[in-house]
Structures are given as structure tokens and as C-alpha cells.
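Undergrad: Starting off with a structure, shown below.
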Amino acid sequence: MAAAVASPALKRLDLRDPAALFETHGAEEIRGLERQVRAEIEHKKEELRQMVGERYRDLIEAADTIGQMRRCAEGLVDAVKATDQYCARLRQAGSAVSQPPEEPQPQQPSQEKFYSMAAQIKLLLEIPEKIWSSMEASQYLHATQLYLLCCHLHNLLRLDCSGSRYSPVLSRFPILIRQVAAASHFRSTILHESKMLLKCHAVSDQAVAEALCSIMLLEESSPRQALTDFLLARKAAIQKLLDQSQRGAGIKTQICSLVELLATTLNQAHALFYTLPEGQLPDPSLPCGLLFSTLETVTGQHPPGKGTGVLQEMKLCSWFKHLPASVVQFQPALRTLAQPISQEYLKDTLQRWIHMCNEDIKNGITNLLTYVKSMQGLAGVRDAIWELLTNESTSHSWEVICQRLLEKPLLFWEDLMQQLFLDRLQTLTKEGFDSISTSSEELLVSALQELEGSASSSSSNKHIHVEHNMSLFLWSESPQDLPPDAAWVSVAHRGPLASSGLSMKAQAISPCVQNFCSSLDSKLKVKLDDLLAYLPSADVSLPKDISPGPAKGCAFDRYADAGTVRETLRTHSTACIKHITARVQAELQGAEQAMQGQQGVLGGVKLPAVLFMARLCQSLGDLCPHLKQCILGKSGSSEKPARDPRALKKQGKGKTQEIIPVQTKWQEVKELLLQQSVMGYRVWSSAVVKVLAHGFTQSLLLDDAGSVLATATSWDELEIQEEAESGSSVTSTIRLPVQPSWYVQSFLFSLCQEINRVGGHALPKVTLQEMLKSCMVQVLAAYEKLAEEKQVKKEGAFPMTQNRALQLLYDLRCLSVVLTARGEEVRSGRNRQDSRLEKVADYLEALIDPFDLDVFTPHLNSNLNRLVQRTSVLFGLVTGTENPFTPRSCTFNSQEPHNILPLASSQIRFGLLPLSMTSARKAKSTSRNIESKAQVVPPALSRAGDPAQPGSLFRQLVSEEEDASTPLLFKLGWLSSMTK
């Protein structure tokens, strides 16, 4: 078995040595080896039979081919031998003829005629090669002359066998038959190549003139027809150049080639077809009439013996002297005389051609500009055209040529291309800002969905919770709070775009708003930088009353449409912001409708989104400086405002009208953003006021004894001296409220918490005023409802006692002082009380004994003043919409008030505290109002002391609160004692 699986090499080794085979293997193994060897032999035989059968046919075919080749070679050898023998016989016959002496006299005429015909045939055989050489060298006029000479030789030799005439030359020289057939194709080839040369603009004027002369000679046309052929060829070249399938070299190259083709066409039209009027001297720098001079050279008669340039190179040939004179002095001729083209016809033809090409050029350039995707690319193409037309070789004597040909200048940029480039720029600008609007809208929607989704879920994203609770952001530290160069770069030297984290916190701008504005500003920056490439540099500015105009030596003014471009940028950027604000408005309206009648609005999913949109609109103008650049321009937005008010007054005169048109657009955008911001804050404030006022109303209307006692606060006991009827002094003790009810304090504090939670220091003033006004309206509605319910007696209801009425009156007075924004009304003189407030006050005062009310009035006034001063810090922004404090001194020694907070005269525990310039400027005007109002206080007290009329106490308190000077916060004894 081991032998059966042995390798073939071992088998062959064993077979070569039979003795070793029998020594190493047994009988059965040897028989197995024998069977294997026999099987291999049969296999090899079968392979040999198949190979012979497959290759036999190929072998037979190869043998037949070899036989044919042998027979062909033998025939070729026989033919060569026969030719050799024939040539030998000819040589013997020639030597026999040359041996006798010449007898030229009787055979001279026939020999001369024979030699002339032989020379013509020789020339006829040489001409095709010369024509092809001229064609390869682009010498089409020379090729035309040779072709016309060839046709002349055909006529002399009567080789035209198209008719019924018999040609003895063709019968004796059959090779000429093929020559005549080949010469018939030269005409179409020369015409085609000449017309193709007319379509090229990078050829010389002489080459174009020779090509036109070739066409005129071959087609026997007139100069007017040559002008038509020239312009049609250039129109076809323009169409080919504007073909989109030919955009191998780029848009800029195609358009520049088009401009160069147009300019070259007019230059060559002047050089070829224009003829100077009689008496006008030619200008060497402006060649003209080149076509007619070339025709004159080709078709004019030359002195005898000189010949033409066509046969000059053949003069040295031995057979040239036998050519007849009609061949040597051959000149092409036109059927009609080439008359010069009139200037009127030339002008009309060129104007029609320009008008005919105008539509093709505009459509072609419009299609090409669709492949330009940026304003920088447009500017590159425009600058390339400007450089091309400004080039001296292109613009040389251009005005003279246009005046001669068209009698008016031809402005390539202004008449053909400027509006096309402007349309493409407007399209790109619109597409760019539409893309910005769409992406910003998508970013806004995704941010709102993230806010609402995170509010409904239990995600702990810090940035999301910041939108509803700004204190998480304001009172947290981050590495970005201060800029890295804060230690050595002052605020005055920082760039306009530099902002730190502290400045964002000071403006209550959340990270989500920062991210949105950063994304929008980066997109606007990319678009603005792209468009600025089309505008002049910012440092080049011209007065508005001086039009820039093209500079001397320049082809056109590249920046003539800069105003239109800026207006386009301004329009589309404004439309982009309007699109974003429209979506914000729609989202705010939807959120407002969704929150109506919803429970738990303050913790709902809509309120963070509303606050985000309000902050976004409030901060968009400041955090997107490139938006301001898009509307005002780079130079207008980069100007730093003057800090000196006196400098502003000096600059304001005479320059206000220049800034108004552009500034108005920016003010409109800011007003639109502020309007949407106020709308968003109004939705938030309405929801807050609604919830807080609902709880206040419920607490106010609880009339059971337990609820009344639960909301009551401690009263103050006062000893007063009264004069008895006998004239003696009587001391009595009275109890008066010094604090509002707990639900009033809770209402005010909750309102203050909600305002501080959203970053109340950055809320618009109008929002705070509207919020306080809305709160006051809801409070008055609650008191009116209370009055209505008390008029209807209910069982188990706590009666309206004098003490409760006094507490309610004190609460109402406290709420009116805190919630009423009096600053604008006092300054405008509108200090009338609200009729609803008076009505409620009259109702409550009617429940108090008039004598007691007269006694309680000064003490209630004192308690109320102390309460307002003590709670002014507690309630913060609720009472801080205006500055209720007046300076301790109304006169200043310096011309400008110091920027400090006036301090108390006793128990001073603080140093000078800095205030803003706004508060410092208000201090002086407030002090003047105090001096004038201090004289009005005593009459007001005397009028209020009359107890005959209900509501007199409340009016007295209001007049004292509005007219008297309120003590400063830092004059309070309790505040100074807290610091001991």
C-alpha cells in the first residue's frame, strides 16, 4: 500500500533500476507499479492523438499560406526583371538617338511646344504638394493662389474632361486623371480652413485679411459679403465660447475670452474694413483698410519679368524657363471690382451684429454665472475683466475705434455684464440669507424642543434649567468669567467683540442664548466676508457728493454698484431677522395659548421656552455684531461712540442727516427685536401675575376667623397725649399695624423671587412697569370682589371690624406704594389717583370711625414710610424701578455732579459707594423737585385733615408719599445698628 501512494519521482527512480526495484518491492507491489506505468502510457497516447487532431487544420492552412507567398514573390521577381529589361532597352535606344548630330532648326517649334507642355505638367504635379505645405503653415492665401493657378493649368492643358471634349493629354498621361480629381477637393478644404481661422481671436490682422481674401477669391464674393462672413464667424465663436459643454478652462477664462473676442472683433473690423475719408492722414498706430490692400497686392498687375510670389521658389528649376507667359505672370482676379465699404454701412452692420449677439451674450453669461457659488468668485471674474480691459494693449485707442465704427463708445461692463453680475450677486445673497434663516429657524425649533423636552423629563442639563432659574448661572463660577488678558488689558482698550463671562452674567444672557447668537453671528460673518470681497476696501471712502467714477486709464469703475450691493445686503439681512422674529412671534403666540387655563404654569414646559425667546430677541443685536455690520456697513458699525457728551453735541450738528437713513434701518431692527422681547416677557409676566394674584385673591377672600387670625401680623402700641375738655393732658394707648398681612408680604416676596429668578436686573424697564401695573390691577380687582362679597351677608363669615378694615387699608396703601410706578407720572405731571383705587380706599375708610381715622393718620403715615424703607432691599427690583432716594445735599461746588451715592448724616458705617451716571444725573433734578414740593406739603396736610370727606386719609398719605422727600436708605438706624 505504501508503494501505491509513492511519489512519481520515486517510481521513475525504481523503474530505471530494475534490480533495485525487485530488491525493495514484492511481487504484488511490482505488478501495481506495472499497471500504473501502462495507464500513464495510454494517457500520453490519447493526449498525443488529440493534439495532432486539433493542430492538423492549422498546419494545412499555414502550408497553403506559405505556398501563396512563394508564388507572389516569384511573380514580383519576374515583374522586376521585366522592368529592368525594359529600362535597359530604353537606355540603348536613347544612346542610339544621341549619337547623330543635332538638327534643331527644323524641329524647334514642336520641341518648344513639347517642353512647354511638359513643364506645365511638371508644375501641375508639383502644385498639390505645395498646397498641402501652405495649408499646414496656415498660409491659406498662398494655397488659394496655387489652387487658382492649378485651375488655370487645367484650362491650358484642356484637362477638364467633364464635358464631351476629348483630352489628348489625359490619354497620353493617365496619371493626370487622378491629379485632376485630387485638385477638385482643395477648394472646399481651403474654404473650410479659412472660415475656421475667422473664428479664432488669437490671430493677427494680416492672417484674418488673407483668410478673407482666400474666401473672396474662391467664392468670387464682394467685400460686404466678406464682412458678413467675418461677423457670422465671430458670432459662431461667441456661441461656442459660451457653450456650457466647453467649460474646461473655468468660468473666469471663458468670460475673459469672450470680452477679448469682442474687443478683437471690433479692432479687426476697423483694421480690415474701415477706410479713411479723403484728406485724412493715416495713423500708424491704427491700421485700416488691410483687406483692400491685401486684395490689391494679390490681384494687381506686376511689371513683366518679375512674376508673382507663387512661382518665385520655382525659378531655379530647369523646366521653369519653358513655362508660358500666361503661367509665369498668372494673377488671380475677382469677377467684380472690390469697392470699399461705406462708413454708414459698416456702422449699421456692426450695430446689428452687436444687437444680435447681445441676447446670446446675456443668456450665455447668465448660464455661466450660475456655476459661480460665491461673491468672491464673482469679484474675481469682475476684476479679471477689469484688468483685461485696462491693459494698454487692449484699451489702446479704443475710444477712437468705437467712435469711427459706431459713433459712440461700446461699454462692455456697463452695457452687457454689470447687471448680470448684480443679478447673480442678489441671487447668491438671497440664497445665502435664506439658508441662514432656515438654519436659524431649525436651530430655534430644536432649542425649544430641547427646552420643553428637558422640562417635561427629569434630565439634569444645567444649561436647560438656567433658562427658568437664572440664579444657577449668575451665582456660579466658571473659567470664562474673566478674559485671559484681563490682568494687563484695560476695558477701554478691548475690542468691540471682546466679551467675558461676567458681562454675559451682568446682562443675564444664558448659555443657550449665547450659543444661538454665536452660531448666527458666525454664519453672518461668513456671508459678510464673502460679500465684502465684491466691495471696495473699508479704508477707501469717498464723500457722498462725489461720484467715484472710473479712474484715468481704467476701463470702468468696479465699485459703481457698491451702494446697490450694500442695500441688497441690508435688505436681505433685515429680512432674515424678520423671518426669525416672525417664527419667534408664532412660537410665543402658541405658548401663550397653550398656557391659558393650564395648571402649574410656573413649573410648566412652556415658560422656559418663552424666557429663552425673550432673552434671545433682547440680546440678538448685541451678541451678533456682524448683523449690525450687515445693516450699517463695516465702517459704520466699527465706529466707537464718543464718551464725552460735549463731544457728542459738537459732532451732532451737521452730521445727523447723513446717519439717519442707515441708522433708521438698524433702529427698526432693534425695535423689532425689542418688541418681540417685550412680547415674550409679557407672556411670562402675565403667567406669573396670574398665578400670584390668584393665590393673593384666595387669601384675601377667606373670611372665617381662623384665616383672618392666621394672616394677621403684630401691631404696634403707641402712647399719645390728648387734651381733655377740662384742659388737662390725657395719655392713651392706641394699637396700629406696622406690617402688612402675611399674604401681602408673601405676594410681594414671591413676585420679587420670580423676577430675580429670571435675572430681573436685565429685564426691560417697560416689562417691570407693565408687570407692576398688572399686579396692581389684579390687587384692586381682589379688593373690589371683597367689597362686593361683604355687602352680601353670609352666615359664619367674620364681620368687617374696624381693626380689620384698618389692616386692609394699610395693606392696600402698602401695595399701592410698592406696585405703583410713579416716576414717569410725577415727571409728566400726571399724579392723579386711579379711580378704582380711590373707590376701594373710600370703602375701607368708611368702615373706620372718622375721629379714630384722624388720630391714626400721622402714625399710619410714619409706619408706612418706615415699612417701605425697611423692605426696599428685601423686595429689591419690585421697588427699584426708580430711585426713590434723594441726595442729602442739593448743591454741588463743581460743575458736574460726582458719581457717588450720598450717605446718611449720622452713624455712617459705609464709605462712598459708586453709582451709575444715570443715577447721578437724576440726583440733581430730583433735588430740585424736592425743594419746590416741600412748600406744598403743609397745605396738603391741612386739606387731608378734614374728616368730612371719605378717603381723605388715603389721599393725604398719597400726597405725602409723592411730594415729601423720602429719607435715604442709609439714614435708617436699624441698618446702622445691624453693622455694630
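The values are calculated or read from the model by the stated rules, or taken from the named source; none is laboratory data. It should be emphasised that the depicted structure is a prediction, and the values quoted were computed from it without experimental measurement. Cβ sites come from the backbone with ideal geometry, for glycine too, and all protein chains shown count toward neighbours.
Undergrad: Are there any pairs, at least 6 apart or on different chains, whose C-beta atoms fall under 6 Å, with the first in region 356-372 and farther than 17 Å from ARG234 by Cα and the second among the β-branched types (Val, Ile, Thr), and if so, which?
TA: Hits for this filter: LEU368/ILE251; TYR371/ILE251; VAL372/ILE251.
Undergrad: If ARG158 satisfies all but one of (1) modelled with pLDDT under 90; (2) under 15 Å from LEU141 (Cβ atoms), what's the number of the condition it fails?
TA: Just one mismatch for ARG158, condition (2).
Undergrad: Further question on the same structure: Kindly indicate the residue of region 480-521 that is within 13 Å of SER619 (Cα to Cα) and in contact with an Asp or Glu (Cβ under 7 Å, 6 or more places away or on another chain) and also modelled with the highest pLDDT among those meeting that condition.
TA: Taking the candidates together, the pick is CYS512.
Undergrad: Does GLY590 count as closer than 21 Å to GLY380 by Cα, modelled with pLDDT of 85 or more and assigned to a helix (DSSP H, G or I)?
TA: Criteria not met by GLY590.
Undergrad: Okay, next question. Against the conditions (1) closer than 26 Å to LEU627 by Cα; (2) over 14 Å from the mean Cα position of the chain (by Cα), where does MET417 fall short? Just the number, please.
TA: For MET417, the exception is condition (1).
Undergrad: Let me ask you something else. Run down LEU258, LEU197 and say which single residue is farther than 16 Å from GLN339 by Cα, of a type in the set (A, V, I, L, M), surrounded by fewer than 20 Cβ atoms within 10 Å (Cβ to Cβ) and out of contact with any Lys or Arg (no Cβ under 6 Å at 6 or more places or on another chain).
TA: Working: LEU258 fails: surrounded by fewer than 20 Cβ atoms within 10 Å (Cβ to Cβ).
Criteria check complete, one pass: LEU197.
Undergrad: For residues in region 75-126 being of a type in the set (Gly, Ala, Ser) and modelled with pLDDT of 75 or more, which is nearest to GLN145 (Cα to Cα)?
TA: Of everything passing the filter in region 75-126, ALA119 is nearest to GLN145 (Cα to Cα).
Undergrad: Could you look through region 738-792, keep only residues that are among the β-branched types (Val, Ile, Thr) and either without any contact (Cβ under 8 Å) to a residue 60 or more places away in the chain or more than 19 Å from VAL873 (Cβ to Cβ) (or both), and pick out the one that is surrounded by the fewest Cβ atoms within 10 Å (Cβ to Cβ)?
TA: Step by step, filter region 738-792, then rank; the result is VAL792.
Undergrad: Still on this structure, I have one more. Residue check: is GLN339 touching a Gly at 6+ places or on another chain (Cβ under 8 Å) and at pLDDT 75 or above? Spell out the reasoning first.
TA: Details: touching a Gly at 6+ places or on another chain (Cβ under 8 Å): no; at pLDDT 75 or above: yes.
Judged against the criteria, GLN339 is not a match.
Undergrad: So, SER397, is that one surrounded by fewer than 18 Cβ atoms within 10 Å (Cβ to Cβ), of a type in the set (Gly, Ala, Ser), over 28 Å from the mean Cα position of the chain (by Cα) and under 30 Å from ASP283 (Cα atoms) or not?
TA: yes
Undergrad: Give me a count of the residues in region 124-146 that are more than 18 Å from THR297 (Cα to Cα), within 60 Å of the chain's Cα centre (by Cα) and β-branched (Val, Ile, Thr).
TA: Qualifying residue count for the region: 1.
Undergrad: Within region 614-634, track down each residue that is surrounded by 24 or more Cβ atoms within 10 Å (Cβ to Cβ) and farther than 16 Å from SER437 by Cβ.
TA: Matches in region 614-634: ALA614, ARG615, GLN618.
To keep it simple, each residue is scored yes or no on (1) farther than 30 Å from SER686 by Cα; (2) over 60 Å from the mean Cα position of the chain (by Cα).
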residue	(1), (2)
VAL730	yes, yes
SER750	no, no
ARG757	no, no
GLU770	no, no
VAL777	no, no
TYR810	no, yes
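Undergrad: For ILE401, only one of the following conditions fails: (1) assigned to a helix (DSSP H, G or I); (2) in contact with a His (Cβ under 8 Å, 6 or more places away or on another chain); (3) within 30 Å of LEU156 (Cβ to Cβ). What is its number?
TA: Status for ILE401: all satisfied but (3).
Undergrad: Okay, moving on. Name the single residue that is nearest to the chain's Cα centre (by Cα) among those in region 18-38 being hydrophobic (A, V, I, L, M, F, W, C) and surrounded by 10 or more Cβ atoms within 10 Å (Cβ to Cβ).
TA: VAL37
Undergrad: OK, next. I'd like the full set of residues that are farther than 16 Å from ALA269 by Cα and either in contact with a Lys or Arg (Cβ under 8 Å, 6 or more places away or on another chain) or outside any loop (DSSP other than H, G, I, E, B) (or both), limited to region 323-349.
TA: ALA325, SER326, VAL327, VAL328
Undergrad: Which of the residues that make up region 738-755 are out of contact with any Ser or Thr (no Cβ under 7 Å at 6 or more places or on another chain) and in a helix (DSSP H, G or I)?
TA: Residues satisfying the conditions are VAL744, GLN745, SER746, PHE747, LEU748, PHE749, SER750, LEU751, CYS752, GLN753, GLU754, ILE755.
Undergrad: Same structure, new question: Could you please find all residues in region 401-410 being among the aliphatic types (A, V, I, L, M) and modelled with pLDDT under 85?
TA: Matches in region 401-410: LEU410 only.
Undergrad: Something else: Kindly indicate whether LEU674 is in a strand (DSSP E or B) and surrounded by fewer than 20 Cβ atoms within 10 Å (Cβ to Cβ).
TA: Working: in a strand (DSSP E or B): no; surrounded by fewer than 20 Cβ atoms within 10 Å (Cβ to Cβ): yes.
In short, no.
Undergrad: Sticking with this structure for a sec: Does region 839-863 hold any residues that are of a type outside the set (Val, Ile, Thr) and in a loop (DSSP other than H, G, I, E, B), and which are they?
TA: LEU847, ASP849
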